[in-house]
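Before any comments, here is the structure.
The values are calculated or read from the model by the stated rules, or taken from the named source; none is laboratory data. The shown structure was predicted, so the numbers you read here are calculated from the model rather than taken from an experiment. Note that each Cβ is placed from the backbone with ideal geometry, even for glycine, and that neighbours are counted across all protein chains shown.
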Amino acid sequence: MGNLFLSSKNGAYIDYMEKTPQELLRNCGATTGSNLQISVLPISKALSSGADNAFIADDNHGATRFVARPEWMSARRLRIVYSSKARVFKKEAKVGLIDIEYAQEP
């Protein structure tokens, strides 16, 4: 999938990418799948190794094709829409000055 970026008007951006478990977790089994990570960062900051992650989820062993998508609601408010079938590992309410709300989709 690669990295996708979505900028806001206030100089922040979100980076969402698909990573293999080996890039995220240590000591994981060979049968685990990839996951989706959404990070909120200032445009001037490089993507770190996970400290800025706002949301991490996967497809729950193929239970859903759609995992999540971010949407800027305003300069300081982000909505993450995610599948009710996804397995969620991290779901932050706030990252820096950005408030995050969540909505589930069947």
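Please verify whether I14 is among the aliphatic types (A, V, I, L, M), in a strand (DSSP E or B), modelled with pLDDT under 80 and crowded, with 18+ Cβ neighbours inside 10 Å, treating the condition exactly as stated.
Numbers: among the aliphatic types (A, V, I, L, M): yes; in a strand (DSSP E or B): yes; modelled with pLDDT under 80: yes; crowded, with 18+ Cβ neighbours inside 10 Å: yes.
The answer is yes for I14.
Close contacts from region 29-43, counting a first residue that is at pLDDT below 80 and a second that is outside any strand (DSSP E or B), with Cβ to Cβ under 6 Å and a gap of 6+ residues or different chains, come to T32/P21; S34/T20; L41/D52; I43/G11.
For region 51-75, filtered to residues that are part of a loop (DSSP other than H, G, I, E, B) and crowded, with 16+ Cβ neighbours inside 10 Å, the residue that is modelled with the lowest pLDDT is D52.
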